[in-house]
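Participant: There's a structure below that I have some questions on.
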């Protein structure tokens, strides 16, 4: 059966899901956040979802809030069978959730109940998880507490960054949404599975101050932070007196490093990278960025920092 779908989303992550929802031409309207200032000129800029919706010829609505009667009336007038929400960025009150005939579905970038909240992709890498995925969830009033309809898993590679995992999960989210919509069109309602009470964790919003690396922490912890915070907010640290942004790093075992030098000291520097003593182990920095510069390899950086490079043999 055909569906009248209202889609709500804002960032790049939601674009593949919008395409999946619109594949059968059933998206009657798209909700997205109002245009925001961006770039050096701070010009008002449409969201990625708005740009995609305009290319698809779908009506776009950009209310500041969904808490007013006028918002409910506008949604009700669309006569939606289903509302699909993917990283929209606005809270949906219960009166909004009750309007679509089949309720509201949400595509969430974690294996619930682990990593409910705003930044599940980055937090799962930061925590050192080896697996994550996406859930298609039936929305309710609580924060990502609704029952799960469908899910898909994916491993997290040792070198996966926040950006790489973001892109992979965005596509996986579109797949799981397509699965759910396919069932609903066939008259089959995906069976909701309540989330278990055990294993709940919260992925709090990323803050820029978190990007500063604390060398007293274990190298493994810092390596995870570097991966998680790439491409935003990007890890940063002072190395040999210079503040740098760290784009690539790995933890390496150095049993005697902590005994020889204090955390934050340069242990070695060469083509493989710059080794920094940590509270436990050593962080090898492979890619970095000087203030106002572009991302370069540690080897290229050492060409300008002869004081750190080893003497020629």
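The values are calculated or read from the model by the stated rules, or taken from the named source; none is laboratory data. Worth saying up front: this structure is predicted, and the values here are computed from it rather than measured. With ideal geometry, Cβ positions are generated from the backbone for all residues, glycine too; neighbour counts draw on all protein chains shown.
Participant: Could you tell me whether segment 161-168 includes any residue that is modelled with pLDDT of 95 or more and more than 27 Å from residue 249 (Cβ to Cβ)?
Facilitator: For segment 161-168, residues modelled with pLDDT of 95 or more and more than 27 Å from residue 249 (Cβ to Cβ): absent.
Participant: Right, here's the next one. Restricting segment 35-46 to residues that are assigned to a loop (DSSP other than H, G, I, E, B) and touching a strand residue (DSSP E or B) at 6+ places or on another chain (Cβ under 8 Å), which is surrounded by the most Cβ atoms within 10 Å (Cβ to Cβ)?
Facilitator: Result: 35.
Participant: Only one of (1) over 20 Å from residue 117 (Cβ atoms); (2) in contact (Cβ under 8 Å) with a residue 12 or more places away in the chain; (3) in the same structural domain as residue 287 (by TED's automatic domain parsing); (4) surrounded by fewer than 16 Cβ atoms within 10 Å (Cβ to Cβ) is not met by residue 191, so which one is it?
Facilitator: Of everything listed in (1) over 20 Å from residue 117 (Cβ atoms); (2) in contact (Cβ under 8 Å) with a residue 12 or more places away in the chain; (3) in the same structural domain as residue 287 (by TED's automatic domain parsing); (4) surrounded by fewer than 16 Cβ atoms within 10 Å (Cβ to Cβ), residue 191 misses just condition (3).
Participant: Still on this structure: Being part of a strand (DSSP E or B) and closer than 12 Å to residue 169 by Cβ is the filter here; which residues of segment 102-119 pass it?
Facilitator: Selection gives 107, 108.
Participant: Out of everything in segment 60-90 that is free of Cβ contacts under 8 Å to residues at least 40 places away in the same chain and touching a helix residue (DSSP H, G or I) at 6+ places or on another chain (Cβ under 8 Å), what residue ends up being surrounded by the fewest Cβ atoms within 10 Å (Cβ to Cβ)?
Facilitator: Going through the qualifying residues, I end up with 65.
Participant: Would you confirm whether any residue within segment 66-78 is closer than 27 Å to residue 110 by Cα and over 23 Å from the mean Cα position of the chain (by Cα)?
Facilitator: Among the residues of segment 66-78, at least one is closer than 27 Å to residue 110 by Cα and over 23 Å from the mean Cα position of the chain (by Cα), which makes the answer yes.
Participant: Spot the failing condition for residue 173; the list is (1) assigned by TED's automatic domain parsing to the domain that holds residue 286; (2) crowded, with 22+ Cβ neighbours inside 10 Å; (3) farther than 23 Å from residue 302 by Cβ; (4) touching a strand residue (DSSP E or B) at 6+ places or on another chain (Cβ under 6 Å), and only one is missed.
Facilitator: Going through (1) assigned by TED's automatic domain parsing to the domain that holds residue 286; (2) crowded, with 22+ Cβ neighbours inside 10 Å; (3) farther than 23 Å from residue 302 by Cβ; (4) touching a strand residue (DSSP E or B) at 6+ places or on another chain (Cβ under 6 Å) one by one, residue 173 breaks only (1).
Participant: Say whether the condition of being over 30 Å from residue 162 (Cα atoms) and buried (at least 20 other Cβ atoms within 10 Å of the Cβ) is met by at least one residue in segment 122-132.
Facilitator: There is no residue in segment 122-132 that is over 30 Å from residue 162 (Cα atoms) and buried (at least 20 other Cβ atoms within 10 Å of the Cβ).
Participant: Still on this model: From the set of residues in segment 135-171 that are free of Cβ contacts under 8 Å to residues at least 24 places away in the same chain and not in a loop (DSSP other than H, G, I, E, B), which is nearest to residue 220 (Cα to Cα)?
Facilitator: Per the stated criteria, the residue is 164.
Participant: Something else: Given the options 232, 215, name the one that is exposed (fewer than 15 other Cβ atoms within 10 Å of the Cβ) and in contact with a helix residue (DSSP H, G or I) (Cβ under 8 Å, 6 or more places away or on another chain).
Facilitator: Of the residues listed, the single one that is exposed (fewer than 15 other Cβ atoms within 10 Å of the Cβ) and in contact with a helix residue (DSSP H, G or I) (Cβ under 8 Å, 6 or more places away or on another chain) is 232.
Participant: Please verify whether segment 108-121 includes one or more residues that are assigned by TED's automatic domain parsing to the domain that holds residue 197 and more than 19 Å from residue 199 (Cβ to Cβ).
Facilitator: Within segment 108-121, not a single residue is assigned by TED's automatic domain parsing to the domain that holds residue 197 and more than 19 Å from residue 199 (Cβ to Cβ).
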